[in-house]
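Visitor: This is the structure, below, for whatever I ask next.
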Amino acid sequence: MRFALSNDLTELTTERLVLTTWTAEAVAAVLAGDRRPAHWAADFPAEGDRVIAGLLEANPDWLGAYGHRLITERRTGLVVGSIGLFRPPAEGVLELGYGVVASHQGRGYATEAAAALAAFALGAPGVHTVVAGVELSNPASVRVLEKAGFERFETVPAEDGGELARYRMTTAPELRQA
């Protein structure tokens with residue numbers, strides 16, 4: 001995945017997106033709910049973005065370059081979702097989560113963002129693997145991870161009684177599937 005990175009690491013630019021680190025101001029705006037910036041898509045924030053904003057408020061150290069980012073469409077400048085890495089790494093492994101608002105789904109944005117952020121994360125000191133989990137009842141999200149270059153390594157029971165597929169992207173040769 002090709003991407004460009006700003007000198008201060010706050011912006012990761014792909015062909016169609018800019019992944020910008022969340023700011024305290026963006027967190028406050030999402031949590032307030034009554035002062036939506038004009039550059040947000042009409043259906044941003046989604047429920048998952050509000051959850052992330054709450055986590056960021058409780059864990060302000062997650063606001064750094066290797067944390068969570070807003071997904072902005074380059075063509076329009078609209079914030080259309082968020083993606084993030086849950087820190088700190090556990091034995092060299094970071095967890096990835098993502099979401100694109102309904103009005104902008106089906107355009108490959110989640111795939112493009114996931115591939116870029118995972119590639120960026122694998123360059124971080126002490127990180128060799130990025131993992132993500134997805135309910136098998138969500139085939140669109142399964143496709144996102146597969147198209148982004150993640151490989152499925154296990155399936156476990158989900159909390160709702162379904163199945164959760166676990167995916168990874170790694171630089172560790174011993175973890176790669178043949």
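The values are calculated or read from the model by the stated rules, or taken from the named source; none is laboratory data. None of the values given here were measured: they were computed from a predicted structure. All Cβ positions, glycine included, derive from the backbone under ideal geometry; neighbour counts span all protein chains shown. These area figures cover heavy atoms from the full protein model, side chains too; ligands, DNA and RNA do not enter into them. Shrake-Rupley method; radii C 1.70, N 1.55, O 1.52, S 1.80 Å.
Visitor: Could you list all residues from the range 128-147 that are open to solvent by less than 30 Å² (accessible area, probe 1.4 Å) and touching a residue at least 40 places away in the same chain (Cβ under 8 Å)? It would help to see each step written out before you state the result.
Guide: If we filter the range 128-147 for residues that are open to solvent by less than 30 Å² (accessible area, probe 1.4 Å), which is where we start, we get 129-132, 134, 141-142, 144-145.
Scanning the range 128-147 gives Thr129, Val130, Val144.
Visitor: Taking the condition touching a helix residue (DSSP H, G or I) at 6+ places or on another chain (Cβ under 6 Å) and either acidic (Asp, Glu) or closer than 21 Å to Gly126 by Cβ (or both), does Ile71 pass?
Guide: Details: touching a helix residue (DSSP H, G or I) at 6+ places or on another chain (Cβ under 6 Å): yes; either acidic (Asp, Glu) or closer than 21 Å to Gly126 by Cβ (or both): no.
When the stated conditions are applied, Ile71 does not pass them.
Visitor: Oh, and also: Restricted to the range 94-121, and to residues that are in a strand (DSSP E or B) and either touching a residue at least 40 places away in the same chain (Cβ under 8 Å) or open to solvent by less than 30 Å² (accessible area, probe 1.4 Å) (or both), which residue is farthest from Arg168 (Cα to Cα)?
Guide: Val100
Visitor: Search the range 1-17 for residues being touching a helix residue (DSSP H, G or I) at 6+ places or on another chain (Cβ under 9 Å) and at pLDDT 95 or above, and hand back the single one that is nearest to Leu78 (Cα to Cα).
Guide: Leu17
Visitor: Something else: Go through (1) of a type in the set (Val, Ile, Thr); (2) loosely packed, with under 15 Cβ neighbours inside 10 Å; (3) in contact with a Pro (Cβ under 9 Å, 6 or more places away or on another chain) for Val30 and report which single condition fails.
Guide: Answer for Val30: the failing condition is (2).
Visitor: Identify all residues within the range 152-174 that are touching a residue at least 24 places away in the same chain (Cβ under 8 Å) and either among the basic types (Lys, Arg) or open to solvent by less than 50 Å² (accessible area, probe 1.4 Å) (or both); write none if there are none. Lay out the reasoning, then the answer.
Guide: Applying the first criterion (touching a residue at least 24 places away in the same chain (Cβ under 8 Å)) to the range 152-174 yields 153, 160, 162-172.
Within the range 152-174, Gly162, Leu164, Ala165, Arg166, Tyr167, Arg168, Met169, Thr170, Ala172 qualify.
Visitor: For the subset of the range 76-89 comprising residues that are surrounded by fewer than 22 Cβ atoms within 10 Å (Cβ to Cβ) and closer than 24 Å to Glu146 by Cβ, which member is modelled with the lowest pLDDT?
Guide: Pro89
Visitor: Hey, can you tell me all the residues within the range 52-70 that are within 13 Å of Leu12 (Cβ to Cβ) and either among the basic types (Lys, Arg) or open to solvent by less than 10 Å² (accessible area, probe 1.4 Å) (or both)?
Guide: Gly67, His68, Arg69
Visitor: For the subset of the range 148-175 comprising residues that are farther than 23 Å from Val127 by Cβ and in contact with an Asp or Glu (Cβ under 7 Å, 6 or more places away or on another chain), which member is modelled with the lowest pLDDT?
Guide: Checked the range 148-175; the qualifying residue modelled with the lowest pLDDT is Ala158.
Visitor: Going through the range 1-27 one residue at a time, which ones are assigned to a loop (DSSP other than H, G, I, E, B), open to solvent by 30 Å² or more (accessible area, probe 1.4 Å) and hydrophobic (A, V, I, L, M, F, W, C)? Spell out how you get there, then give the answer.
Guide: If we filter the range 1-27 for residues that are assigned to a loop (DSSP other than H, G, I, E, B), which is where we start, we get 1-3, 6-10, 14-16, 22-23.
This time we only want the ones that are open to solvent by 30 Å² or more (accessible area, probe 1.4 Å), so: 1-3, 6-10, 15-16, 23.
Of everything in the range 1-27, those that are assigned to a loop (DSSP other than H, G, I, E, B), open to solvent by 30 Å² or more (accessible area, probe 1.4 Å) and hydrophobic (A, V, I, L, M, F, W, C) turn out to be Met1, Phe3, Leu9.
Visitor: Still on this structure: Against the condition surrounded by fewer than 17 Cβ atoms within 10 Å (Cβ to Cβ) and charged (D, E, K, R), how does Glu73 come out, does it pass?
Guide: In short, no.
Visitor: Right, another one. Those residues that are open to solvent by 50 Å² or more (accessible area, probe 1.4 Å) and among the charged types (D, E, K, R), I need them from the range 33-51; list them, please.
Guide: Asp34, Arg35, Arg36, Asp43, Glu47, Arg50 - these are the residues of the range 33-51 that are open to solvent by 50 Å² or more (accessible area, probe 1.4 Å) and among the charged types (D, E, K, R).
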